[in-house]
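Chemist: Before anything else, here's the structure in question.
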Amino acid sequence: MASLIVFLVGLAVVAGVLALLLRVPAVAAWFARLRGLDRRWIFVAVWVLVMIPLLFPLKLPIAPTARAVEYYEEIEKLKPGDIVLLSADYDPASGPELGPMLRSSLTQLCRHKVKIVGDCLWPGGPPLLEQGFNEVARDSFHYKYGEDYVNLGFKEGREAVILAMGNSIPGTFASDFRGTPVTQLPLMNKVTNLSSVKLLVNISAGYPGTKEWVQQASRRFNLRIISGCTAVSAPEYYAYLQSNQLLGLLGGMAGAAEYEKMTGITGSATKGMDAQSSVHLLIMLCILMGNLAHWAARRQGER
Amino acid sequence: MQRQVPLLLTAAIGLVMLLYFFVPNPIIAGPGHFFEDAVIIVVAFAIVLGAANLLQFNGDIIVRRGKDWPYKVVLLLSMFAMIGIGLVEGEHYLDPETKFSWMYNTFYASMQATMFALLAFYIASAAFRAFRIRNVEAALLAIAALFVMIGRVPIGLAISKNWPNGVQLPQISDWIMENPQNSAKRAILMGAALGVMSTGLRIIMGIEGSFSRGEGR
Amino acid sequence: MHIANPLSFDGLGVWIAALLTLFIFSFLYKDNPFYKLAEHLFVGISAGYYVAQEWWAVIYPQCVKPVMNGSRPIMIIPGILGLLLFSRFVPKAGWLSRWSLAIIIGAYAGIKTTGFAQGDLVEQFHASLLPLWVPGHIGLSIDNILFIAGIISTLVFFFFSTEHKGAIKSTAQLGVWFLMISFGAAYGFTVMARVSLLIGRFQFLLDPWLGVARF
């Protein structure tokens with residue numbers, strides 16, 4: 001309680017001092033001149049505030065949110081031999097946010113000895129999914145391709161692919177990522193359609209992604225879905241969480257860092273959170289300074 | 001013929017896909033499955049059409065020696081190089097040791113990620129130059145943004161970890177996301193759903209038929 | 001510090017990727033030939049990648065192979081429809097491409113209508129039926145009241161079939177406030193997303209390229 005009071009008093013003092021300073025003509029003029037600041041100085045500030053925490057980490061504490069815990073718990077419920085569909089619907093542009101989620105999800109799934117069928121609805125996704133499978137499933141957990149995991153690769157068609165998978169997954173993906181007919185892969189003999197899958201782990205960057213899976217598959221095929229998504233998409237998916245169409249959510253790099261903490265991994269998301277914190281503070285400062293500059297200029301104009 | 005056939009096709013296929021949701025009978029489900037598979041292939045050709053359009057557009061500029069035409073040469077050469085390597089590699093084109101994979105990692109992945117990374121600089125600059133709190137609504141927007149920005153990162157937890165339970169910055173941020181934000185987003189979702197449904201039905205009934213009036217090049 | 005070795009194939013790839021990254025970042029100072037080169041290279045490589053992907057992931061296994069080996073000859077129909085799209089380049093025959101467009105538009109109109117109806121309307125409405133009073137949980141009760149007030153007032157704001165005056169105007173104004181909170185939260189998350197992408201690029205420059213940190 002004391003620290004909250006100190007914080008609020010501190011905020012009030014800073015606000016009061018700023019208000020008083022703005023009454024001083026010289027100070028107000030300086031703030032007004034800020035309006036003409038070359039935006040490249042802001043770029044330099046962003047550059048510095050990202051670089052320094054990456055080189056000299058502060059290791060600020062990370063606490064998982066309730067929705068991230070739900071994501072983790074859904075995978076914890078799985079039993080050895082359960083079949084999970086992992087849909088990596090993203091491309092390299094969202095790699096920093098979603099790559100750590102993919103690797104941590106694969107780690108947790110492999111720890112539970114779950115069978116994994118991977119697919120992509122984004123054309124840029126298959127190599128990323130394959131890299132994840134190779135690094136985690138194959139190299140760390142010695143999973144065998146074809147028996148323990150399969151990468152079906154990409155299929156164009158967005159919602160149509162989801163519906164087609166609801167009817168028949170082998171029918172939609174006649175061959176895997178490498179062109180091998182799925183009939184030659186033992187794991188695919190146990191997979192008929194979306195109803196034969198225990199859980200969908202959807203790593204999603206946008207369209208097509210979690211929204212389309214929820215709309216087309218969650219109720220129609222009784223598919224349990226958890227989602228790791230970019231921070232841009234996350235606010236929209238809270239509605240699906242509340243309606244239980246979605247059972248867990250990781251939002252952005254912060255969500256990835258929370259999940260890494262729960263899985264005991266210190267990965268790139270965790271290491272990036274200090275830089276994330278510093279740039280957020282910079283942007284808050286930019287909003288404040290920009291408005292102070294604007295108000296100061298208006299006051300000068302009124303005089 | 002030029003307008004009626006497309007409109008009829010749209011209506012028939014749209015109706016089948018609508019009924020397919022409700023009717024498991026093979027009379028509807030059979031054509032429904034076929035259309036699912038068919039549209040996947042047609043959309044794939046549409047993506048290839050996009051590349052062909054790119055070729056035509058940039059080829060025109062090169063032939064006319066238009067603005068930045070040498071860069072258009074680079075564009076087309078790199079496109080053909082990628083297509084050529086991909087086709088020659090065969091079905092294993094995305095295996096980690098292939099040249100196509102190397103091109104993907106070196107060029108595609110790095111440049112795509114960097115293009116989006118540029119946005120971070122502009123969002124900071126826009127926060128300074130364009131984010132103006134002029135009225136109550138803008139103030140609400142700013143307050144919500146500030147709480148969410150500080151609450152979602154570790155610095156928010158570090159500042160407020162000794163505050164009473166329930167008013168810590170991450171908890172305030174979570175409450176904003178789960179309650180007021182969620183309710184407004186839900187209303188937007190429901191309104192947008194009504195819009196999509198009405199547009200979909202208009203397309204199926206042929207009221208929205210502008211696509212059938214276009215001229216081919 | 002372990003800089004990537006430019007003499008190895010992988011190391012060369014890292015160096016090229018790093019240089020292209022810096023070329024694109026140079027746009028922050030001002031537009032320049034290096035940025036233009038990287039931009040056009042990116043567009044070309046992307047287009048080529050998509051074409052190769054569509055061929056090996058969709059067109060060949062779903063259309064060409066089943067037709068050639070006779071396992072599913074009917075797939076020649078979507079193949080022909082797909083090829084008809086290219087009739088757009090022939091002025092007199094361009095109208096044929098509308099048939100293919102009709103397939104796409106009709107199918108997706110049907111798919112999206114039911115998807116949105118089920119996922120975004122019925123389920124969302126169902127989940128909005130919350131109890132206004134939860135015995136023993138005053139906080140939850142207040143949250144539920146606020147939640148439902150937010151949904152109703154925001155929906156009233158978007159209802160333009162009647163003039164916003166009197167009680168409707170006040171309700172719509174409340175809806176605007178909820179919307180502003182929602183947009184503010186979305187802005188905060190958008191900031192987080194964009195900054196994350198930048199952090200990722202810096203992690204690439206510092207780790208695989210310069211080798212001054214481990215991520």
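The values are calculated or read from the model by the stated rules, or taken from the named source; none is laboratory data. The model shown is predicted, which means the values in this text are computed figures rather than measured ones. Every residue, glycine as well, gets a Cβ built from its backbone with ideal geometry; the counts of neighbours run over all protein chains shown.
Chemist: Give the residues of the range A:258-272 that are at the interface with another protein chain (Cβ under 10 Å from one of its Cβ atoms) and small (Gly, Ala, Ser), sorted by residue number.
Modeler: A:Gly267, A:Ser268, A:Ala269, A:Gly272
Chemist: Determine which member of the set A:Gly146, A:Gly153 is in contact (Cβ under 8 Å) with a residue 40 or more places away in the chain and on the phi > 0 side of the Ramachandran plot. Quick ask: steps written out before the conclusion?
Modeler: Details: A:Gly153 fails: in contact (Cβ under 8 Å) with a residue 40 or more places away in the chain.
Matching residue, one of A:Gly146, A:Gly153: A:Gly146.
Chemist: Then there's this: So, in the range B:145-172, how many residues would count as being in a helix (DSSP H, G or I) and within 8 Å of chain C (Cβ to nearest Cβ)? Write out each step before concluding.
Modeler: Keep residues of the range B:145-172 that are in a helix (DSSP H, G or I), which gives B:145-151, B:154-160, B:169-172.
Checking the rest, the ones that are also within 8 Å of chain C (Cβ to nearest Cβ) come to B:145-149.
Of the residues in that region, 5 qualify.
Chemist: Examine the range C:111-126 for a residue that is at pLDDT 95 or above and among the aromatic types (Phe, Trp, Tyr), and state whether such a residue exists.
Modeler: yes
Chemist: Can you tell me which residue is nearest to the other protein chains (Cβ to nearest Cβ) among those in the range C:117-156 that are surrounded by fewer than 14 Cβ atoms within 10 Å (Cβ to Cβ) and outside any helix (DSSP H, G or I)?
Modeler: Among those that are surrounded by fewer than 14 Cβ atoms within 10 Å (Cβ to Cβ) and outside any helix (DSSP H, G or I), it is C:Leu129.
Chemist: Let me ask another. Would you mind finding the one in B:Met115, B:Met111 that is hydrophobic (A, V, I, L, M, F, W, C), under 26 Å from the mean Cα position of the chain (by Cα), under 18 Å from C:Tyr49 (Cβ atoms) and surrounded by fewer than 21 Cβ atoms within 10 Å (Cβ to Cβ)? Spell out how you get there, then give the answer.
Modeler: Numbers: B:Met111 fails: surrounded by fewer than 21 Cβ atoms within 10 Å (Cβ to Cβ).
Going through B:Met115, B:Met111 in turn, just one is hydrophobic (A, V, I, L, M, F, W, C), under 26 Å from the mean Cα position of the chain (by Cα), under 18 Å from C:Tyr49 (Cβ atoms) and surrounded by fewer than 21 Cβ atoms within 10 Å (Cβ to Cβ): B:Met115.
Chemist: Show me the helices (runs of 4 or more DSSP H) found entirely inside the range A:62-175 where at least 1 residues are closer than 21 Å to A:Lys271 by Cα and within 18 Å of the chain's Cα centre (by Cα).
Modeler: Helices (runs of 4 or more DSSP H) meeting the threshold: A:66-76, A:95-111, A:126-132.
Chemist: So, in the range A:134-150, how many residues would count as being surrounded by 24 or more Cβ atoms within 10 Å (Cβ to Cβ) and within 12 Å of chain B (Cβ to nearest Cβ)?
Modeler: Going through the range A:134-150, the residues surrounded by 24 or more Cβ atoms within 10 Å (Cβ to Cβ) turn out to be A:149-150.
Checking which are within 12 Å of chain B (Cβ to nearest Cβ) leaves us with none.
Matching residues across the range A:134-150 total 0.
Chemist: Now for a separate question. Here are the criteria: (1) assigned by TED's automatic domain parsing to the domain that holds A:Glu147; (2) crowded, with 24+ Cβ neighbours inside 10 Å; (3) not polar (S, T, N, Q). Tell me which single one A:Glu236 does not satisfy.
Modeler: (2) is the only condition that A:Glu236 fails.
Chemist: I've got another one for you. Condition check: away from chain B (no Cβ under 14 Å) and farther than 21 Å from A:Thr266 by Cβ. Does A:Ala28 satisfy that?
Modeler: On the way: away from chain B (no Cβ under 14 Å): yes; farther than 21 Å from A:Thr266 by Cβ: yes.
In short, yes.
Chemist: Follow-up. Looking only at the range C:14-28, filter to residues that are at the interface with chain B (Cβ under 7 Å from one of its Cβ atoms) and either outside any helix (DSSP H, G or I) or aliphatic (A, V, I, L, M) (or both); which one of those is nearest to C:Asp207 (Cα to Cα)?
Modeler: C:Ala17
The rows are residues; the columns are (1) within 14 Å of chain C (Cβ to nearest Cβ); (2) of a type outside the set (Phe, Trp, Tyr); (3) in contact with a strand residue (DSSP E or B) (Cβ under 7 Å, 6 or more places away or on another chain); (4) closer than 20 Å to A:Asp148 by Cβ.
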| residue | (1), (2), (3), (4) |
| --- | --- |
| A:Leu54 | yes, yes, no, no |
| A:Glu70 | no, yes, no, no |
| A:Lys79 | no, yes, no, yes |
| A:Ile83 | no, yes, yes, yes |
| A:Glu97 | yes, yes, no, no |
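Chemist: Residue check: is C:Trp95 surrounded by 16 or more Cβ atoms within 10 Å (Cβ to Cβ) and either within 18 Å of A:Gly153 (Cβ to Cβ) or more than 8 Å from chain B (Cβ to nearest Cβ) (or both)? Working first, answer last.
Modeler: Working: surrounded by 16 or more Cβ atoms within 10 Å (Cβ to Cβ): yes; either within 18 Å of A:Gly153 (Cβ to Cβ) or more than 8 Å from chain B (Cβ to nearest Cβ) (or both): no.
Against the criterion (surrounded by 16 or more Cβ atoms within 10 Å (Cβ to Cβ) and either within 18 Å of A:Gly153 (Cβ to Cβ) or more than 8 Å from chain B (Cβ to nearest Cβ) (or both)), C:Trp95 does not qualify.
Chemist: Can you find a residue that is in contact (Cβ under 8 Å) with a residue 24 or more places away in the chain and either closer than 24 Å to C:Ser87 by Cβ or of a type in the set (A, V, I, L, M) (or both) anywhere in the range B:17-25? Even if it seems obvious, please write down each step before you answer.
Modeler: So in the range B:17-25, the residues in contact (Cβ under 8 Å) with a residue 24 or more places away in the chain come out as B:18.
So of that shortlist, the ones also either closer than 24 Å to C:Ser87 by Cβ or of a type in the set (A, V, I, L, M) (or both) come out as B:18.
Yes, the range B:17-25 contains a residue that is in contact (Cβ under 8 Å) with a residue 24 or more places away in the chain and either closer than 24 Å to C:Ser87 by Cβ or of a type in the set (A, V, I, L, M) (or both).
Chemist: Out of (1) within 27 Å of A:Ile169 (Cβ to Cβ); (2) of a type outside the set (D, E, K, R); (3) in contact with a strand residue (DSSP E or B) (Cβ under 9 Å, 6 or more places away or on another chain), what's the single condition that is false for A:Thr65?
Modeler: (1)
Chemist: Among C:Val134, C:Val212, which is touching a Leu at 6+ places or on another chain (Cβ under 6 Å) and either on the phi > 0 side of the Ramachandran plot or touching a residue at least 60 places away in the same chain (Cβ under 8 Å) (or both)? Walk me through it before giving the result.
Modeler: Numbers: C:Val134 fails: either on the phi > 0 side of the Ramachandran plot or touching a residue at least 60 places away in the same chain (Cβ under 8 Å) (or both).
Residue meeting the stated conditions: C:Val212.
Chemist: Of all residues in the range B:87-110, count the ones that are more than 9 Å from chain A (Cβ to nearest Cβ) and assigned to a helix (DSSP H, G or I).
Modeler: Summing the residues that are more than 9 Å from chain A (Cβ to nearest Cβ) and assigned to a helix (DSSP H, G or I) in the range B:87-110 gives 9.
Chemist: Please state which of the following conditions C:Thr162 fails to meet, knowing it meets all the rest: (1) within 9 Å of chain B (Cβ to nearest Cβ); (2) surrounded by fewer than 23 Cβ atoms within 10 Å (Cβ to Cβ); (3) hydroxyl-bearing (Ser, Thr, Tyr).
Modeler: Result: C:Thr162 passes all but (1).
Chemist: From the list A:Glu97, A:Glu70, pick out the single residue that is at pLDDT 95 or above and either touching a Cys at 6+ places or on another chain (Cβ under 8 Å) or more than 26 Å from B:Val167 (Cβ to Cβ) (or both). If you could, list the steps in order and put the result at the bottom.
Modeler: Working: A:Glu70 fails: either touching a Cys at 6+ places or on another chain (Cβ under 8 Å) or more than 26 Å from B:Val167 (Cβ to Cβ) (or both).
Only one candidate passes the filter, namely A:Glu97.
Chemist: Can you find, within the range B:195-206, the residue that is surrounded by the most Cβ atoms within 10 Å (Cβ to Cβ) among those that are part of a helix (DSSP H, G or I) and more than 7 Å from chain C (Cβ to nearest Cβ)?
Modeler: Just the residues of the range B:195-206 that are part of a helix (DSSP H, G or I), to begin with: B:195-204.
Checking which are more than 7 Å from chain C (Cβ to nearest Cβ) leaves us with B:195, B:198-199, B:202.
On the way: B:Gly195: 12, B:Ser198: 13, B:Thr199: 16, B:Arg202: 13.
Looking at residues that are part of a helix (DSSP H, G or I) and more than 7 Å from chain C (Cβ to nearest Cβ), I get B:Thr199.
Chemist: Then there is this: Quick one: would you say A:Phe56 is without any contact (Cβ under 8 Å) to a residue 24 or more places away in the chain and out of contact with any Asp or Glu (no Cβ under 7 Å at 6 or more places or on another chain)?
Modeler: On the way: without any contact (Cβ under 8 Å) to a residue 24 or more places away in the chain: yes; out of contact with any Asp or Glu (no Cβ under 7 Å at 6 or more places or on another chain): yes.
In short, yes.
Chemist: Further question on the same structure: Of (1) surrounded by fewer than 16 Cβ atoms within 10 Å (Cβ to Cβ); (2) more than 31 Å from the chain's Cα centre (by Cα), C:Ala4 satisfies all except one. Which?
Modeler: (1)
Chemist: To continue, here is another question. Name the residues in the range A:176-185 that are touching a strand residue (DSSP E or B) at 6+ places or on another chain (Cβ under 7 Å) and either outside any loop (DSSP other than H, G, I, E, B) or more than 20 Å from C:Asn69 (Cβ to Cβ) (or both), would you? First the steps, then the outcome.
Modeler: Step one: filter the range A:176-185 for residues touching a strand residue (DSSP E or B) at 6+ places or on another chain (Cβ under 7 Å), giving A:176-177, A:181-182, A:185.
A:Phe177, A:Pro181, A:Val182, listed by residue number.
Chemist: Determine which member of the set A:Gly272, A:Gly248, A:Gly209, A:Gly228 is in the same structural domain as A:Leu49 (by TED's automatic domain parsing) and either in contact (Cβ under 8 Å) with a residue 40 or more places away in the chain or among the hydroxyl-bearing types (Ser, Thr, Tyr) (or both). Reasoning before the result, please.
Modeler: Details: A:Gly248 fails: in the same structural domain as A:Leu49 (by TED's automatic domain parsing); A:Gly209 fails: in the same structural domain as A:Leu49 (by TED's automatic domain parsing); A:Gly228 fails: in the same structural domain as A:Leu49 (by TED's automatic domain parsing).
Going through A:Gly272, A:Gly248, A:Gly209, A:Gly228 in turn, just one is in the same structural domain as A:Leu49 (by TED's automatic domain parsing) and either in contact (Cβ under 8 Å) with a residue 40 or more places away in the chain or among the hydroxyl-bearing types (Ser, Thr, Tyr) (or both): A:Gly272.
Chemist: In the range B:58-86, which residue that is closer than 30 Å to A:Phe133 by Cβ and among the aliphatic types (A, V, I, L, M) is nearest to the other protein chains (Cβ to nearest Cβ)? Write out each step before concluding.
Modeler: Quick first cut of the range B:58-86, residues closer than 30 Å to A:Phe133 by Cβ only: B:78-79, B:81-86.
From what's left, among the aliphatic types (A, V, I, L, M): B:79, B:81-83, B:85.
Details: B:Met79: 4, B:Ala81: 7, B:Met82: 3, B:Ile83: 5, B:Ile85: 8 Å.
Per the criteria, the residue is B:Met82.
Chemist: On to the next question. Looking at B:Ala124, B:Ala142, which one is free of Cβ contacts under 8 Å to residues at least 12 places away in the same chain, in a helix (DSSP H, G or I), more than 8 Å from chain C (Cβ to nearest Cβ) and surrounded by 17 or more Cβ atoms within 10 Å (Cβ to Cβ)? Even if it seems obvious, please write down each step before you answer.
Modeler: Values: B:Ala142 fails: more than 8 Å from chain C (Cβ to nearest Cβ).
Every option except B:Ala124 fails the conditions.
Chemist: Let me ask something else about it. Give me a count of the residues in the range C:29-74 that are in contact with a helix residue (DSSP H, G or I) (Cβ under 6 Å, 6 or more places away or on another chain), of a type in the set (A, V, I, L, M) and either facing chain B (nearest Cβ under 7 Å) or assigned to a loop (DSSP other than H, G, I, E, B) (or both).
Modeler: 9
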